[in-house]
Amino acid sequence: PVRDQWLVLTQYDTPDGKIVARRIWLYGRGSGRTALLLSFGAAGRSPAQALPVGATIDAELTPYPGGGQLRAELGEQFGATTAAGPPPGIAAAAAPAVYGNALRDDPWLDAWPVTLRDVIPVPSKDGWQLADAHADTHAETHADAHADAHAFTRADARTGSALPIAPAALSRPGLWKLVALSGGGPVTVFGEIGHRGF
């Protein structure tokens, strides 16, 4: 078992025929590990295991073998949950390499968990993207200098270091909540990157 201060990153349910699958993603503050708790319930019923998103729990996790050892089982918990800030993250531009490394180890991998820091949700011609906020300053300067000559816009420049948001996520209400929460400013987000995007 791995004992750590585990930050609850997200919890969501996915109906799958006659069952409901619940995924709870955790981040170990001391170990730097990301872990997945997976539980199931009968159709129309939520799985029993639930943890408050944004809370930190002092607990032991036992990783399952294989699959990058992401999936784990929650063991003994010590003390009450506490509030916590966001986990450390990486730039959007670095995320494809993280997914590529995981894909090299498991060619059948569909997606890999990643936390992005300082990203801004921006619209693009094909949907939405998460753009690196630090690229914005350079992008605005570049856009101003070349706006007349090349019809280059700030949005075009900003999306140079951006991850597309996967088409499946575009219809979910979470995207609009993210846009509203960011207010055009940088945010830290957790999700899964795959061949279709974030």
(Q) Which residue fluctuates most in the GNM of the chain (Cα springs below 10 Å): Arg33, Arg172, Arg71? (A) Arg172
Q | Formal net charge of residues neighbouring Pro47 (Cβ-Cβ distance under 9 Å; K, R +1; D, E -1) | A | +1
Q: Rank Ala95, Gly127, Trp108 by how far each Cα sits towards the positive end of the charge dipole of the stretch 91-130 (+1 on Lys, Arg Cβ; -1 on Asp, Glu Cβ) and give me just the farthest.
A: Gly127
Q: Please identify, among Tyr64, Tyr99, Tyr12, the residue showing maximal mean-square fluctuation in a Gaussian network model of the chain using a 10 angstrom Cα cutoff.
A: Tyr12
Q) Is the stretch 16-81 rounded, prolate or oblate when judged by the Cα gyration tensor, a ≥ b ≥ c being the square roots of its eigenvalues, rounded requiring a/c under 1.5 and prolate requiring a/b larger than b/c? A) oblate
Q) With charges only on Cβ, +1 for K and R and -1 for D and E, what is the dipole size of the chain about its Cα centre, in debye, rounded to 20? A) 480
Q. So what is the 222 nm mean residue ellipticity for the chain from helices alone, if each DSSP H run of at least 4 adds -39500 (n - 2.57) and you divide by all residues, rounding to the nearest 500 deg cm²/dmol?
A. -6500 deg cm²/dmol
Q.
Please report the net charge: other residues with Cβ closer than 9 Å to the Cβ of Val2, K and R +1, D and E -1.
A. 0
Q | Of Pro173, Pro87, Pro47, the one that fluctuates the most in a GNM where the chain has Cα springs shorter than 10 Å | A | Pro173
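Any read-out appearing in this document is the output of simple, stated calculations on the displayed coordinates, not a laboratory observation. Computed from a prediction, not measured in an experiment: that's the story for all the values here. Don't worry about glycine lacking a Cβ; one is built from the backbone with ideal geometry, like all the others, and counts go over all protein chains shown.
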